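In what follows, a structure is listed as C-alpha cells, so that the remarks can point back to it.
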Amino acid sequence: MKITSQTLALVFLSGLLSAPLAALAHNGVVHGDHDAHHGGFVMMYRDLHCEVVLKAGGGVQLYYTDAARADLPASVVSQVAVEIEKSAGKSESVSMSLSAGGDYWEGKAKAAITPASMLHVAFVFQTEPVVVNLPANTLLGPKPAVVKPAAAAKPAHDMAGMGGMDHHAH
C-alpha cells in the first residue's frame, strides 16, 4: 500500500480532532534506556518508543520498543506515512512497508537530505494517530537532548511538540 501526502494529511488532521492526551504513564513497568539501538533518534509516546533512522543511502527505517525497550514487531503500528520536506518547498513522500522480518518499517528516499530538511512521520498506535516532526539535523548530526517543535500547528499527538510527549536522543 502506497502512503500518499493525502494520507499523511489525513492522519495529521485526525490528530488535531482527536481527544486530549492521556497522562504519560508507564503502568508500573520499569522504564528502559533511551539509547538509539540502530543509530537513529529515539522518542516516545506513552509506553511506546520509536526510533527514526535515516540510512546513508537514502532510506528511512522506524523501529518500535516498549517501555523497557524490548523490541516490538513493527505491526504494533499501522498506517505509517513518511514525508521529507526539502528546501524550496519541495517534498518527497516515502513509501513505507514492513521489513521482510516484520521487525521495522522501511522506505527508500533520495539521499539528498540536508540539515535544513524536515522529516514528517505519522502512524497509528492503539487507534490513536501520532505525528512526529523532526528537523533532519536531529537525525544527521550530533544528537541534541531535546527536539525543538516545528513552527506549525501541532496535532494532539505530536511527539515532537509539547502536549505531554517525551522525546530523547542519545
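Things worth noting here:
- Cβ-based net charge around GLU92, under 9 Å, with every Lys or Arg adding one and every Asp or Glu removing one: +1
- Residue order, fewest to most beta carbons within 10 Å, for LEU54, LEU140: LEU140, LEU54
- For TYR104, net neighbour charge (Lys/Arg +1, Asp/Glu -1) across residues whose Cβ lies under 13 Å away: -3
- For the peptides 80-91, 34-45, the ranking by packing is 34-45, 80-91, with the highest mean count of neighbouring Cβ atoms within 10 Å listed first.
FYI, it's all coordinate maths here, none of it is from the lab. Small disclaimer: the values here were computed from a predicted structure and weren't measured. So basically every Cβ, Gly included, is an ideal-geometry build from the backbone, and we count neighbours across all protein chains shown.
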